[in-house]
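Scroll down for the structure; my scribbles are underneath it.
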2 protein chains.
Amino acid sequence: VTCRVGLVGVGTVGGGVAELLLDDAARLRERTGGIELKLVAIAERDEGRMAPFRKAGVACHADAAELIARPDVDVVVELIGGTGAAKRVILGALRAGKSVVTANKHLLAEAATEIVREAREHNAALGFSASVCGGVPVLLALRTGLVANQIESVIGIVNGTCNYILTRMTASGTTYRDALGEAQDKGYAEADPTLDVEGHDSAHKLAILASLAFRTPVDLSAVSCEGIAALESVDLRYADELGYVVKLLAIGKRTTNGGAHIELRVHPTLLPKDHPLAAVNGVFNAVEVTGHAVGRVMLFGRGAGRWPTASNVVADLVEIARGSAAQAGDPLAFWTDERRLAVAPAGETRSRFYVRFTVKDEYGVLGHIAKVLGEHRVSIASVMQKEPHEPALDASVPIVVLTHEAREADFRAALATIDQHDYATQRSVFLRIEEA
Amino acid sequence: VTCRVGLVGVGTVGGGVAELLLDDAARLRERTGGIELKLVAIAERDEGRMAPFRKAGVACHADAAELIARPDVDVVVELIGGTGAAKRVILGALRAGKSVVTANKHLLAEAATEIVREAREHNAALGFSASVCGGVPVLLALRTGLVANQIESVIGIVNGTCNYILTRMTASGTTYRDALGEAQDKGYAEADPTLDVEGHDSAHKLAILASLAFRTPVDLSAVSCEGIAALESVDLRYADELGYVVKLLAIGKRTTNGGAHIELRVHPTLLPKDHPLAAVNGVFNAVEVTGHAVGRVMLFGRGAGRWPTASNVVADLVEIARGSAAQAGDPLAFWTDERRLAVAPAGETRSRFYVRFTVKDEYGVLGHIAKVLGEHRVSIASVMQKEPHEPALDASVPIVVLTHEAREADFRAALATIDQHDYATQRSVFLRIEEA
């Protein structure tokens, strides 16, 4: 079986895919029992990148529309990124009846419902395994390996930049700013790191993960999102003393909260040190999926980079060549507006909380804090009151409280009340806790 | 699309599969976009188990041959275990042109080549995702998600019983015997634990993992195998002091060792504490796969039990129903004698070693040990000589050595020489080291 591939974009990832297709063809044919992935054309704006492809007998186009129009292209691989031209390429290819493979998480998070509709309408296959966590086969597992399960939750460390920064802050006690600088020096963070550190990239990936886990379209705007830029190293130290690490988690959960069916949130989170995700350090990614039959499964690996991502793109191509994606049943049938599950608003979600109050060192303050929390149906699991790591000029002291599970809106209301009091010398700082 | 299933054996796992098919049918249809898995018949020797199936309108046979002969059965699921009747069921079904799903690792490790040959001859699909690591989708990942990769190694903690025992020995310093008793009390170990603690169960799983990873048939006899029954807790303590944990690992590696292409071994192993597999504790399983493109990927989850295993069996059924297993290309084409890769003999493999000598506390002993190791091309990375944890009656002392990478046959020859000397009061004890 031969599958003829047209590749739009031969930059970092696209160049890797091209190399796997051109140089590893024999091995790939052998591993798949006879599937031939033939790179017939590329589309690339940078003329300088075309030379090696011309030499290898691959047709080169400056305009992706020409590539899409070629009758000898069966599958179009979009690897230019962004949400403008990439969307036109993908929709154009699907409308021409070509199958499409993409790693474009940002675009999928924003426009997957439209893209899936177009694919189903034209009976074209859509592969996007590489759009979340690089080479980690987590989307594949959700689509096929765990298909027998009602998924209860999907919880991931899906942004290597943030995980690197948090790992450094934890290991060496450095500030967020210094750790970010280090990440930039090592090439793990962009000059403008906003998309990563504000949690947006994690939100994109969560939207895609949750769609497949819960078999529903997800609106990116339904994902509540907090990044790591405001984190203070003192809270990582206290978390450590209490037996926790702080990770930026993307959390999707099935819920029976009011009329909502799922909750979707990205935020820095305390994880018990013996949680499987707690040991995921540096630029690695990992996703824990809990299914009603399988229990907890975790997948771990490199979340980005040329080769891991190219690995997943080629796996999608093999699957399309094998014909499974277009076979009996319609694995993306759920991706329609009619099948959309309601998402719980941020205030309605429940979790345990870590909170650090900074207060005057006066008699009765702790008692008052406990009273206000209780009035808001928040019960205290433990309290740590101690000398500050660095004595404050105003002699104020930190009080760290871990709560039992509470409704977020109630908890926030309690903090607002406490922060108004005279004894509060700084605004309270809180983080959510995810238990094992 | 409807796929009609005949289930042979409705014990622990079979009963779970039946329950998923009967009770979760609507949800499954929805998750798969319209695939209907219909349980039409069971075969079961225990008459007492048939009642609920009769009531649900499922045909019940005492004889599996009758089930296989039914024209309304498309796929036969074998879940009786063992290597006798199970083999007859599987071969009988394949010869009748039925596809087969099985979780029978022992049988596959012994007879996969014969079974695969029969499946290919009759153009029948063969699903065995549940045969390794229960619900962890590691075989699926090797077959499809990582298909673009030349797999360099596959390293797993694949036996929950052994991992539970080692976790207990490490955490509480108990002896092997006490930890085994604890595991038996908790139902994690059988009354006769031989198959688990001697490493045979891990060897079965490694044979299957390595077949898919390296695309070769594997003879079970080519897997070198050591269990955990001889482990002494003192070595776990020393390992801990040196920054390692001890795990029973199943290790498959690509090698260019002489004429061999792969090495296959099961043995207790020192792992650095920051290795992703080092944090896998209790009855959990995990497999780390390293591919030339994807780098390191780890999959983690429950390795056994009714529901995790049933989850993977149903995933195989969905895949067969979808038709992908019988599609273009032949994913098991490699599983023939002609495609068999040569396996390195145990003595030819290379690794770092931990070794504990027990010697008379005399001048010059360490120097002599170093000399003998050097003569056998084994170089020392570090030495720990200290007071024994419990003073020995004969005043002998332990010397713990970590070596650099060495050929196993050389290392063993050095130990044999050292152990013959008068200063050696006990036989040396060694473990292999797997670095991150």
If B:Arg168 passes every condition in (1) open to solvent by 20 Å² or more (accessible area, probe 1.4 Å); (2) over 27 Å from B:Val355 (Cα atoms); (3) in a helix (DSSP H, G or I) but one, which one does it miss?
-> (2)
Could you tell me whether B:Ala207 is surrounded by 24 or more Cβ atoms within 10 Å (Cβ to Cβ), touching a helix residue (DSSP H, G or I) at 6+ places or on another chain (Cβ under 6 Å) and small (Gly, Ala, Ser)?
-> yes
Which residue, of A:Gly57, A:Gly81, A:Gly48, is at positive phi and open to solvent by 40 Å² or more (accessible area, probe 1.4 Å)?
-> A:Gly57
All but one of (1) part of a loop (DSSP other than H, G, I, E, B); (2) within 20 Å of the chain's Cα centre (by Cα); (3) within 13 Å of another protein chain (Cβ to nearest Cβ) hold for B:Ala148; which doesn't?
-> (2)
State all residues of the stretch A:257-280 that are touching a Leu at 6+ places or on another chain (Cβ under 9 Å) and not charged (D, E, K, R); if no residue qualifies, say none.
-> A:Ala260, A:His261, A:Ile262, A:Leu264, A:Val266, A:His267, A:Pro268, A:Thr269, A:Leu270, A:Leu271, A:Leu277, A:Ala278
Provide a single number: the residues in the stretch B:186-204 that are assigned to a helix (DSSP H, G or I), open to solvent by 20 Å² or more (accessible area, probe 1.4 Å) and farther than 18 Å from B:Asn281 by Cα.
-> 3
Give the residue that is farthest from B:Val294 (Cα to Cα), with candidates limited to residues of the stretch A:124-145 that are facing chain B (nearest Cβ under 7 Å) and assigned to a loop (DSSP other than H, G, I, E, B).
-> A:Pro137
Quick one: which residue in A:Asn285, A:Asn312 is at pLDDT 90 or above, part of a helix (DSSP H, G or I) and either within 9 Å of chain B (Cβ to nearest Cβ) or buried (at least 24 other Cβ atoms within 10 Å of the Cβ) (or both)?
-> A:Asn312
Is it true that some residue in the stretch B:75-93 is of a type outside the set (S, T, N, Q), without any contact (Cβ under 8 Å) to a residue 40 or more places away in the chain and over 30 Å from B:Thr113 (Cβ atoms)?
-> no
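Per-residue answers, yes or no, for (1) surrounded by fewer than 24 Cβ atoms within 10 Å (Cβ to Cβ); (2) small (Gly, Ala, Ser); (3) in contact with an Asp or Glu (Cβ under 7 Å, 6 or more places away or on another chain):
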{"site": "B:Gly97", "(1), (2), (3)": "yes, yes, no"}
{"site": "B:Val101", "(1), (2), (3)": "no, no, yes"}
{"site": "B:Leu108", "(1), (2), (3)": "no, no, no"}
{"site": "B:Glu114", "(1), (2), (3)": "yes, no, no"}
{"site": "B:Arg117", "(1), (2), (3)": "yes, no, no"}
{"site": "B:His122", "(1), (2), (3)": "yes, no, no"}
{"site": "B:Ser129", "(1), (2), (3)": "no, yes, yes"}
{"site": "B:Val132", "(1), (2), (3)": "no, no, no"}
{"site": "B:Leu142", "(1), (2), (3)": "no, no, no"}
With B:Leu67, B:Leu39 as the choices, which residue is within 14 Å of chain A (Cβ to nearest Cβ) and at pLDDT 95 or above?
-> B:Leu39
Within 14 Å of chain A (Cβ to nearest Cβ) and more than 30 Å from B:Ile262 (Cα to Cα) - does that describe any residue in the stretch B:159-169?
-> no
When residues of the stretch A:344-381 are filtered for being outside any helix (DSSP H, G or I) and either out of contact with any strand residue (DSSP E or B) (no Cβ under 9 Å at 6 or more places or on another chain) or without any contact (Cβ under 8 Å) to a residue 40 or more places away in the chain (or both), how many remain?
-> 9
Looking only at the stretch B:21-45, which residues are assigned to a loop (DSSP other than H, G, I, E, B) and buried (at least 22 other Cβ atoms within 10 Å of the Cβ)?
-> B:Thr32, B:Ile35, B:Glu44
Quick one: B:Ala436 ticks every box in (1) modelled with pLDDT of 95 or more; (2) surrounded by fewer than 14 Cβ atoms within 10 Å (Cβ to Cβ); (3) assigned to a loop (DSSP other than H, G, I, E, B); (4) among the hydrophobic types (A, V, I, L, M, F, W, C) except a single one, so which number is it?
-> (1)
Please work out if A:Pro137 is open to solvent by 10 Å² or more (accessible area, probe 1.4 Å) and touching a Ser or Thr at 6+ places or on another chain (Cβ under 8 Å).
-> no
Could you check A:Asp72 against (1) buried (at least 24 other Cβ atoms within 10 Å of the Cβ); (2) assigned to a loop (DSSP other than H, G, I, E, B) and say which number it fails?
-> (1)
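The values are calculated or read from the model by the stated rules, or taken from the named source; none is laboratory data. Everything quoted here is computed from the prediction, not taken from an experiment. Cβ: placed from backbone, ideal geometry, glycine included. Neighbour counts: every protein chain shown. Each accessible area value is taken on the protein alone, full model and side chains, heavy atoms only, with ligands, DNA and RNA left out. Shrake-Rupley method; radii C 1.70, N 1.55, O 1.52, S 1.80 Å.
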